[in-house]
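Q: Starting off with a structure, shown below.
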Amino acid sequence: MRLNFKKLILTMAVAGIVSACSHINDNSPDKMVRTGVQQMILKDNRLNFSGSFQGEYHINPNTNNEDEISSDTSEINKTNETHNNLLNTASKSLPQTEADDDDDDDDDESKPKNSLAPFFEQFSQSFSVPFTGAIDIRKGQMEIIPEIRYENKNVLVSFKFPTYIDFKNLSLYADVSAITHLLDKIPYTRMVIDDKYLQFAVPKSQIKNMPISDLLKSLPKSIDDGYAAIDRDAFKKVNVDEYGKTLKAKYQVNLNIDYALMQKIDNTMLESLSKALKEAADKADQNSKYKPEDYAALQNKIDEFTSTFNSYFFDEHDSDDDSGVFKKPYFGLIKQFKNNQIPIQYNYYFDLKGRIIGMREQLAFPKEVGSIAGTVKTDTKIHLKYTTNPKFTMQPPTPQNSIDIMSRRELN
């Protein structure tokens with residue numbers, strides 16, 4: 001009798017696993033991602049995470065040197081013709097000036113072109129940003145500890161900057177003691193930090209009547225609306241790659257997008273938030289915690305942010321303008337994204353329960369600055385570990401152990 005009972009339990013367990021796997025397999029790739037994201041936000045929303053960011057610069061000495069692309073990003077190149085064309089463009093030499101034309105008879109190797117490229121290539125391959133952290137969405141708390149790291153033979157330089165975010169109070173706390181332990185000793189320093197956190201917070205007077213809690217409640221739907229704006233065919237279910245195997249992932253879905261689709265996703269999410277606030281304003285009355293005008297004020301801020309966001313990153317009238325904001329290096333990089341339709345690949349890794357246990361973002365794009373021409377490739381990996389009690393390593397921020405840098409007169 002006892003043996004039969006054990007067999008029954010084992011059979012039920014196996015049936016449950018098979019049923020769960022069958023349910024996941026029945027889902028389309030886009031539904032797997034959307035369901036996994038919502039499950040992470042609404043249900044399994046307490047977790048620790050770890051990962052790394054790697055950005056590498058690679059020299060492209062001639063137009064036929066596409067084999068320089070690393071194995072991690074080669075899949076993007078093979079599956080995206082536009083991307084290959086882009087890399088060809090990235091490999092080309094910078095346009096010659098009139099002075100260069102006078103030296104056409106000189107040997108190409110005698111020119112100083114790409115003279116700094118080997119330095120930047122070596123530096124980038126020794127540079128990385130590993131990170132760890134924790135998230136408790138129910139409490140509106142997040143911690144991330146990035147480590148800026150340079151490592152090579154006989155050298156190791158490392159800086160950690162633990163950061164704590166309180167979403168409910170729109171506050172960020174940073175432990176910058178990695179540098180302030182020296183800066184504090186400089187004579188006539190304007191502010192001594194010691195071991196305190198630096199606090200960056202929206203003044204409470206500005207958020208007192210803002211329905212922040214309602215805004216946060218609207219985020220899951222707005223995020224799902226953003227994913228829903230993507231063509232279902234952009235999601236591809238593939239065999240688990242080497243990184244996924246290290247996570248013990250059972251399923252993998254890849255998503256390829258470009259800058260135009262990124263704009264569509266971001267705008268859809270922001271418009272969804274704006275719409276949710278408008279609907280909340282229509283339902284509110286003078287007896288509600290927040291008045292209709294409170295919702296309207298926050299909605300206006302969302303709309304203003306959307307307009308500013310688009311003008312900086314997407315509006316066409318700036319795309320060919322070499323003056324103003326696009327003269328700055330960062331926005332010059334944005335201009336490359338706008339003009340070249342650079343593809344970005346996202347990988348999502350799932351366990352048997354359909355939970356997202358890892359993500360990866362890869363992209364490669366041409367970068368030309370002065371005499372440096374080559375290809376920049378970035379690779380970001382994140383491993384999610386679900387738990388009922390996420391581990392936060394920073395001490396809880398208090399007025400006693402933090403400095404509100406926004407209110408310090410000596411810095412204004």
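The values are calculated or read from the model by the stated rules, or taken from the named source; none is laboratory data. Quick caveat, the model's predicted, so the values are computed rather than measured. So basically every Cβ, Gly included, is an ideal-geometry build from the backbone, and we count neighbours across all protein chains shown.
Q: Output the residue which, of all residues in region 160-185 that are of a type in the set (S, T, N, Q) and under 24 Å from the mean Cα position of the chain (by Cα), is farthest from residue 133 (Cα to Cα).
A: Looking at residues that are of a type in the set (S, T, N, Q) and under 24 Å from the mean Cα position of the chain (by Cα), I get 169.
Q: While we're looking at this one, here's another question. Under 21 Å from residue 354 (Cβ atoms) and outside any helix (DSSP H, G or I) - does that describe any residue in region 203-219?
A: no
Q: One residue is enough: does region 194-203 have a residue meeting the conditions touching a residue at least 60 places away in the same chain (Cβ under 8 Å) and in contact with a Leu (Cβ under 6 Å, 6 or more places away or on another chain)?
A: Yes, that holds for at least one residue.
Q: Return the residues of region 380-412 that are assigned to a strand (DSSP E or B), modelled with pLDDT of 95 or more and either surrounded by fewer than 18 Cβ atoms within 10 Å (Cβ to Cβ) or touching a Lys or Arg at 6+ places or on another chain (Cβ under 7 Å) (or both); say none if nothing qualifies.
A: Hits for region 380-412 are 380, 381, 385, 386.
Q: Got at least one residue in region 233-255 being at pLDDT below 95, charged (D, E, K, R) and touching a helix residue (DSSP H, G or I) at 6+ places or on another chain (Cβ under 8 Å)?
A: no
Q: On to the next question. So residue 288 ticks every box in (1) in a helix (DSSP H, G or I); (2) more than 23 Å from residue 383 (Cβ to Cβ); (3) hydroxyl-bearing (Ser, Thr, Tyr) but one. Which box is left unticked?
A: Against the list (1) in a helix (DSSP H, G or I); (2) more than 23 Å from residue 383 (Cβ to Cβ); (3) hydroxyl-bearing (Ser, Thr, Tyr), residue 288 comes up short only on (1).
Q: What residue, among those in region 271-316 that are out of contact with any Asp or Glu (no Cβ under 8 Å at 6 or more places or on another chain) and β-branched (Val, Ile, Thr), is modelled with the highest pLDDT?
A: 302
Q: Count, please, the residues in region 212-223 that happen to be surrounded by fewer than 18 Cβ atoms within 10 Å (Cβ to Cβ) and either without any contact (Cβ under 8 Å) to a residue 40 or more places away in the chain or under 18 Å from the mean Cα position of the chain (by Cα) (or both).
A: Of the residues in that region, 3 qualify.
Q: Another question, then. Across region 189-202, which residue is nearest to the chain's Cα centre (by Cα) among those that are at negative phi and in a loop (DSSP other than H, G, I, E, B)?
A: The selected residue is 202.
Q: Which one of the conditions (1) under 17 Å from the mean Cα position of the chain (by Cα); (2) crowded, with 20+ Cβ neighbours inside 10 Å; (3) of a type in the set (D, E, K, R) does residue 258 fail to meet, given that it meets all the rest?
A: Residue 258 satisfies every listed condition except (2).
Q: Determine if region 229-252 includes at least one residue that is of a type in the set (S, T, N, Q), part of a strand (DSSP E or B) and crowded, with 19+ Cβ neighbours inside 10 Å.
A: Yes, that holds for at least one residue.
Q: Another question, if that's okay. Go through region 158-183 and report how many residues are among the hydrophobic types (A, V, I, L, M, F, W, C) and outside any helix (DSSP H, G or I).
A: Count: 8.
Q: Separate question: Restricting to region 338-365, name every residue that is at pLDDT below 85 and surrounded by 19 or more Cβ atoms within 10 Å (Cβ to Cβ).
A: 338, 342, 343, 364, 365
Q: Residues of region 253-266 being touching a Gly at 6+ places or on another chain (Cβ under 9 Å) and not in a strand (DSSP E or B), which ones?
A: Scanning region 253-266 gives 264, 265, 266.
Q: Among the candidates 145, 186, single out the residue that is buried (at least 18 other Cβ atoms within 10 Å of the Cβ), of a type in the set (Val, Ile, Thr) and either part of a strand (DSSP E or B) or modelled with pLDDT under 90 (or both).
A: 145
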